[in-house]
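J.: What follows is a structure written as structure tokens; I'll ask about it next.
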Amino acid sequence: MAGVGPRLIIVGVGAVVWSARQEFLLVRRAQPPRQNEWSLPGGKLEFGETLHAAVKREVREETGLEIEILGLVDVAELVQHEDEGAEGRHYVLVDFCARALPGDAFASSDASEARWFSLAEVDALPIWNETRRIIAESARLLETMSSP
């Protein structure tokens, strides 16, 4: 396949971060993939880093928030096939449910905007269907954790 770059597998982490008001946090991505789209805060796993350490670091870098991880939600995948002369990328995204510790969220690092949303708003948001699914799964997980 002349002219096609290498194929890469990239492991990423993300979090559905919940506030005390039961709102979740999204960031507008400043970098690919999904540049300028709303997404869960997160990013690439670094070599030697645990998944939990990576998601805490990425949320802190993108939003300024410290989080408490409540559990694993699911894994999502995004495959970007090679265009002529471009690399193919297969993203494996490990998503967690988390609670925001006290502090203010702000856009930083790879995020151009950070904003809290209610579950009632999720269907109208212009987000990737997998992000919508992960948010719904996280809400169910959060609900089961708070049930007596």
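J.: Under a point-charge model restricted to the Cβ atoms of Lys and Arg (+1) and Asp and Glu (-1), what is the dipole moment magnitude of the range 25-148 relative to its Cα centre, in debye to the nearest 20?
T.: Roughly 340 debye, rounded to the nearest 20.
J.: Which residue, 113, 68, 121, tops the fluctuation ranking in a GNM of the chain built on C-alpha contacts under 10 Å?
T.: Among 113, 68, 121, the largest GNM mean-square fluctuation belongs to 121.
J.: I would also like to ask the following. DSSP beta bridges in the chain, what fraction antiparallel, as a percent rounded to 5? All intermediate terms of the calculation are to be shown ahead of the outcome.
T.: Values: 24 of 36 bridges.
Approximately 65 percent, going by the DSSP bridge assignments.
J.: Using the 10 angstrom Cβ neighbour count as an exposure proxy, how do 55, 17, 11, 94 rank, fewest first? Don't skip to the end; give the middle numbers.
T.: Values: 55 27, 17 30, 11 16, 94 20.
Ranked by crowding around the Cβ, least crowded first: 11, 94, 55, 17.
J.: When a/c reaches 1.5 or more, the comparison of a/b and b/c decides; with that in mind, is the range 95-148 rounded, prolate or oblate per its Cα gyration tensor? Intermediate values should be presented prior to the final figure.
T.: Values: a/c = 2.01, a/b = 1.24, b/c = 1.61.
Because a/c hits 1.5 or more and a/b fails to exceed b/c, the range 95-148 counts as oblate.
J.: Rounded if a/c is under 1.5, else prolate if a/b beats b/c, else oblate: with a ≥ b ≥ c from the C-alpha gyration tensor eigenvalues square-rooted, which is the range 1-63? Working shown, then result.
T.: Values: a/c = 3.33, a/b = 1.67, b/c = 1.99.
Taking the square roots of the gyration eigenvalues as a ≥ b ≥ c, the range 1-63 is oblate.
J.: Next question, about the same structure. Do the sum for the chain: with -39,500 (n - 2.57) for every DSSP H run of n ≥ 4, divided by all residues, what is the mean residue ellipticity at 222 nm, to the nearest 500 deg cm²/dmol? Numbers along the way, then the final one.
T.: Values: 2 runs with 31 residues, N = 148.
Calculated mean residue ellipticity at 222 nm is -7000 deg cm²/dmol.
J.: Something else now. When a/c reaches 1.5 or more, the comparison of a/b and b/c decides; with that in mind, is the range 34-91 rounded, prolate or oblate per its Cα gyration tensor? Walk me through the numbers before you get to the answer.
T.: Numbers: a/c = 2.12, a/b = 1.85, b/c = 1.15.
Cα axes put the range 34-91 in the prolate bin.
J.: Continuing with the same structure: As an exercise, identify the chymotrypsin sites (Phe, Trp or Tyr not before Pro) in the range 100-135 lying in DSSP coil whose Cβ has no more than 13 other Cβ atoms within 10 Å. The partial results should precede the final answer.
T.: Numbers: sites: 106, 116, 117, 128; in loops: 106, 128.
Here the chymotrypsin sites (Phe, Trp or Tyr not before Pro) that fit, given the DSSP loop and packing criteria, are 106.
J.: Moving on to the next point. With angles folded into 0 to 90 degrees, how steeply does helix 129-146 sit against the dominant principal axis of the chain? Use alpha carbons for both and round to 10.
T.: 30 degrees
J.: Normalise the Debye intensity by I(0) for the chain, one equal point scatterer per Cα, no solvent, then take log10 at q = 0.10, 0.14 Å⁻¹ and round to two decimals.
T.: Each listed q corresponds, in turn, to -0.34, -0.64.
J.: Moving on. Can you give the FRET efficiency for residue 36 and residue 118, using 1/(1 + (r/R0)^6), R0 = 30 Å, r = Cβ-Cβ distance, to the nearest 0.05? Please report the intermediate quantities before stating the final value.
T.: Values: r = 22 Å, r/R0 = 0.75.
FRET efficiency, residue 36 to residue 118: 0.85.
J.: Pick out which of 124, 53, 105 has the largest mean-square fluctuation in a Gaussian network model of the chain, springs linking Cα atoms closer than 10 Å.
T.: Result: 124 has the largest fluctuation of those listed.
J.: Then there's this: Between 78, 125, 51, which gets the highest mean-square fluctuation from a Gaussian network model of the chain, Cα cutoff 10 Å?
T.: Top of the fluctuation ranking is 125.
J.: For the chain, find the longest principal axis of its Cα atoms and tell me its angle to the long axis of helix 51-63, 0 to 90°, nearest 10.
T.: 80 degrees
Taken together, the values in this text are just the output of simple stated rules run on the coordinates, not laboratory data. Everything quoted here is computed from the prediction, not taken from an experiment. Don't worry about glycine lacking a Cβ; one is built from the backbone with ideal geometry, like all the others, and counts go over all protein chains shown.
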